[in-house]
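One structure, as C-alpha cells, below. Some questions next.
The values are calculated or read from the model by the stated rules, or taken from the named source; none is laboratory data. Note that the structure is a prediction, hence the values are computed from the model and not measured. Here the Cβ positions follow ideal geometry from the backbone for every residue, glycine too, while neighbour counts run over all protein chains shown. Keep in mind that these areas ignore ligands, DNA and RNA; they rest on the heavy atoms of the full protein, side chains included. Shrake-Rupley method; radii C 1.70, N 1.55, O 1.52, S 1.80 Å.
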Amino acid sequence: MNHGPDLFQLLTVFILAIFVGFEVISKVPTTLHTPLMSATNAIHGVVLVGAIVIVAQLFGGGTPSTALTVLGICAVALGTINVVGGFAVTERMLQMFKKREPAKK
Amino acid sequence: MTFDLQSLLLDAAELAAIVLFILGLRFLSSPATARLGNRLAAVGMLIALVAVLYSTHALGWWAILAGIAIGAAIGFFSALKVKMTAMPQMVALFNGAGGGAAGLISSVEFFVSVHPYGWTISVSLVLSAIIGCLSAAGSIIAFLKLQELMTGRPITYKGQQVVNGIVALGIVVLGVMLIATQGVDPAWVFLAMLAAALLLGVFFVLPIGGADMPVVISLLNSFTGVAVAITGFELNSNLLIISGSLVGASGTLLTILMGKAMNRPLTNVLFGAFGSGGGMETSTSSGGQQNVRATSVEDVAVMLAYAQQVVVVPGYGMAVAQAQHSVRELADQLEKRGVAVKYAIHPVAGRMPGHMNVLLAEANVPYNQLYDMDDINPEFPRTDVALVIGANDVTNPAARNVASSPIYGMPILDVDKAQNVVVLKRSMRSGFAGIENPLYELPNCSMLFGDAKASVSALTAAVKAV
C-alpha cells in the first residue's frame, strides 16, 4: 500500500459499480424501499473492513499512541454497529412482509 | 513475483463478498426473495470480515476485538429493540455510524501515514474525511429531529445560506491546502477541516423539516456510500469501492424518486426550508376559517359496512398514533362483510421511503393489498369510501389546481374523487407544510376527530355491531 494505487484502474471499478448499482436498485419495488435502504446501509458497513485494516496498520508500526488507538477502536465499533444493526433490522422488517395468508377469507 | 497464497485468498474472499452483495440487492427486487437477499449480503460481509481479520496477523487484535464487541452489542441490541415506527431514525443512526467510521479511518490514516503519500491517497483521504463527517453529523441531526429530541420544524435564520456557504468554502480551502501539500500540513489544518465538515453536516440538516426527511435520509445514505467508496481509493480496496458505489447509487436513486414524488427539485428541498416563510407556521394554522363537516363513529361505520370498496390512505399520523394494528383489525372486519379493502401508499408518506409499507407489513397486512399512487389513483372514482388516516398534504387537491399553492404540481392521491372521504384527524391543525387542505370542505368529505388509534378501534367495534 506504499506505492500509490493505480488511480485509473480504481476509477474504472468505481464507475462500473455505479452503473451496476443503478441497474440493480431500479428493479426494487417501492414496497421494499425501507428494507432496501437499511440493507444498503448494512452493506456500506463494509467500511468495517477498512477500519480493521487501519487498526492493524496502526499496530504494525509499533505501539501506537493512546489517542490513535481510541480512534481506531471507535472506527471499528462504528463500522460494526453499522453492519450488525443494519442486517439485523433488515431481517426483522423483511420477515414481516407476507403475501395474503393461507386462511383466505 | 512470489506466489502469495494469503493475498490470493484475501482477493478471492473480497470477490465473493462483492458478488454476494450484488446478488443480495438483486433478490431485494421481490418481497418473496428479499429475505434471502439480505442473508446473502450478510454472508458476503462475514466472508470479507473473516478474510480481513485473518490477513491482519493478529496485529492490534485486542483493539479490533474490543471495537467489534462494543459495536456488535450496540448494533444488535438497538436493532432488536427499535419500534417499526421509529425505523427512520434508527436507519439514520446506523447511517451516521458508517459515515463516522469512514471519517475516523481517514483521520487515523492521516496521522500514521508517511507524508507525502501521493495524489490518489491524498485526494481520497481528504474527500472521505469530509463526506464521512458531513454524513455522520447530518445523520445525528436527522435522528434528533425524527426522535423529536429537537423540533421537527425547519430551523432557519437570516443569512443562513451565507453562513453555510462560508463554512463550505472553508472546507474547500482547508481541503485544497491538505491535498496540495499531500498531508504535510500541520495537524490543525486537518482537524479544522474535520470540525468544519461536522458543522456543515449540522447546518445542512437544521433547515429541513420533518416531512422532507425521506429525501434527507436517502441523501445521507448516498453520502455515506460515496464516503465508503472513496475510503476504498484510499486503502486500495475494490471491495470498499464497489460496495460504496452500490450504496451511493441506491441512495441517489431514492433521493431522485422522493424529489419527483414531491415535484420539487432537490435544491428546493435542501435549501428551500419548506413552509417556513417567516412565521407562517403560526399564522395559517389558527383554524376556524375552514368550513368542515364533523361526523360520528356510527355514521362512518355504516358507510364502511355497506361499501363495496374501501381505500385506506395512511400517513405519518398513523405511525405517530401507532394505529397500524387497529387499522388491520378494521380491515379484517370489513373483509368479513365482503368489502374490498386496499391501501394507497404515497411515495413520501411517512418519514422515509417505504415507511408506511413496513408499518402495515408489521400489522400483517399482505403486501399485495398495498398499492402505489399510480396504481390506486384510477381506482378512486370506483371507491365508496376513502379512509384517510393521519395523511394530509399528500391528499391535498390544491396540488392539482391551485397554482399559487406551495405544493402545486406535487402528485397526490386523488381521494377527493371517491364517493365519500372520511378523514381521521386529531384536530383541524393544518398539515406539516402549514397549508390549508380544501379537501376538507368538499361536500363528499367528512371529518372524524380524535386519536387515530382510538377512532379506528371504535370504528371496528361499530362495524361489528352493524
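Take the residues in region B:170-190 that are part of a loop (DSSP other than H, G, I, E, B) and among the β-branched types (Val, Ile, Thr), then tell me which one is nearest to B:Trp119 (Cα to Cα).
Within region B:170-190, the subset part of a loop (DSSP other than H, G, I, E, B) is B:181-186.
So of that shortlist, the ones also among the β-branched types (Val, Ile, Thr) come out as B:181, B:184.
On the way: B:Thr181: 10, B:Val184: 12 Å.
The qualifying residue nearest to B:Trp119 (Cα to Cα) is B:Thr181.
Could I ask something else about it? Considering only region B:72-105, state which residues are free of Cβ contacts under 8 Å to residues at least 24 places away in the same chain, within 21 Å of B:Leu149 (Cα to Cα) and of a type in the set (A, V, I, L, M).
Residues satisfying the conditions are B:Ile74, B:Ala79, B:Val82, B:Met90.
Within region B:67-108, track down each residue that is outside any helix (DSSP H, G or I) and at the interface with chain A (Cβ under 7 Å from one of its Cβ atoms).
Keep residues of region B:67-108 that are outside any helix (DSSP H, G or I), which gives B:82-83.
Passing the criteria: only B:Val82.
Then there is this: Taking region B:124-169 as the region of interest, how many residues are in a loop (DSSP other than H, G, I, E, B) and under 18 Å from B:Ala195 (Cα atoms)?
Qualifying residue count, region B:124-169: 0.
Run B:Asp375 past the list (1) open to solvent by 30 Å² or more (accessible area, probe 1.4 Å); (2) acidic (Asp, Glu); (3) out of contact with any strand residue (DSSP E or B) (no Cβ under 8 Å at 6 or more places or on another chain); (4) touching a residue at least 40 places away in the same chain (Cβ under 8 Å) and report the number of the one that doesn't hold.
Unmet condition: (4).
Another question, if that's okay. Take A:Phe8 and tell me if it is within 30 Å of B:Gln369 (Cβ to Cβ), without any contact (Cβ under 8 Å) to a residue 12 or more places away in the chain, hydrophobic (A, V, I, L, M, F, W, C) and surrounded by fewer than 18 Cβ atoms within 10 Å (Cβ to Cβ).
Against the criterion (within 30 Å of B:Gln369 (Cβ to Cβ), without any contact (Cβ under 8 Å) to a residue 12 or more places away in the chain, hydrophobic (A, V, I, L, M, F, W, C) and surrounded by fewer than 18 Cβ atoms within 10 Å (Cβ to Cβ)), A:Phe8 does not qualify.
Does A:Leu32 meet the test of being in a helix (DSSP H, G or I), surrounded by fewer than 14 Cβ atoms within 10 Å (Cβ to Cβ) and either at pLDDT 95 or above or among the aliphatic types (A, V, I, L, M) (or both)?
Values: in a helix (DSSP H, G or I): yes; surrounded by fewer than 14 Cβ atoms within 10 Å (Cβ to Cβ): no; either at pLDDT 95 or above or among the aliphatic types (A, V, I, L, M) (or both): yes.
Considered against the rule, which asks whether it is in a helix (DSSP H, G or I), surrounded by fewer than 14 Cβ atoms within 10 Å (Cβ to Cβ) and either at pLDDT 95 or above or among the aliphatic types (A, V, I, L, M) (or both), A:Leu32 comes out as no.
Yes/no per residue for (1) buried (at least 23 other Cβ atoms within 10 Å of the Cβ); (2) of a type outside the set (Val, Ile, Thr); (3) at pLDDT 95 or above:
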| residue | (1), (2), (3) |
| --- | --- |
| A:Leu16 | no, yes, yes |
| A:Ile43 | yes, no, yes |
| A:Val46 | yes, no, yes |
| A:Leu68 | no, yes, no |
| A:Leu78 | yes, yes, yes |
| A:Phe87 | yes, yes, yes |
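Working only within region B:228-244, note down all residues that are among the small types (Gly, Ala, Ser) and within 18 Å of B:Val126 (Cα to Cα).
Correct list: B:Ala229, B:Gly232, B:Ser237, B:Gly244.
What are the residue pairs meeting all of these: first residue in region B:442-458, first residue in contact (Cβ under 8 Å) with a residue 40 or more places away in the chain, second residue part of a loop (DSSP other than H, G, I, E, B) and open to solvent by less than 10 Å² (accessible area, probe 1.4 Å), Cβ atoms under 7 Å, and 6 or more apart or on different chains?
These pairs meet every condition: B:Ala452/B:Ala323; B:Lys453/B:Ala323; B:Val456/B:Ala323.
Show the residue pairs that are 6+ apart or on different chains and have beta-carbon atoms under 6 Å apart, the first residue being within region B:114-143 and closer than 17 Å to B:Val176 by Cα and among the β-branched types (Val, Ile, Thr), the second being in a helix (DSSP H, G or I) and open to solvent by 30 Å² or more (accessible area, probe 1.4 Å).
Pairs found: B:Thr120/A:Leu7; B:Val123/B:Ile179; B:Val126/B:Ile179; B:Ile131/B:Phe223; B:Ile131/B:Val226.
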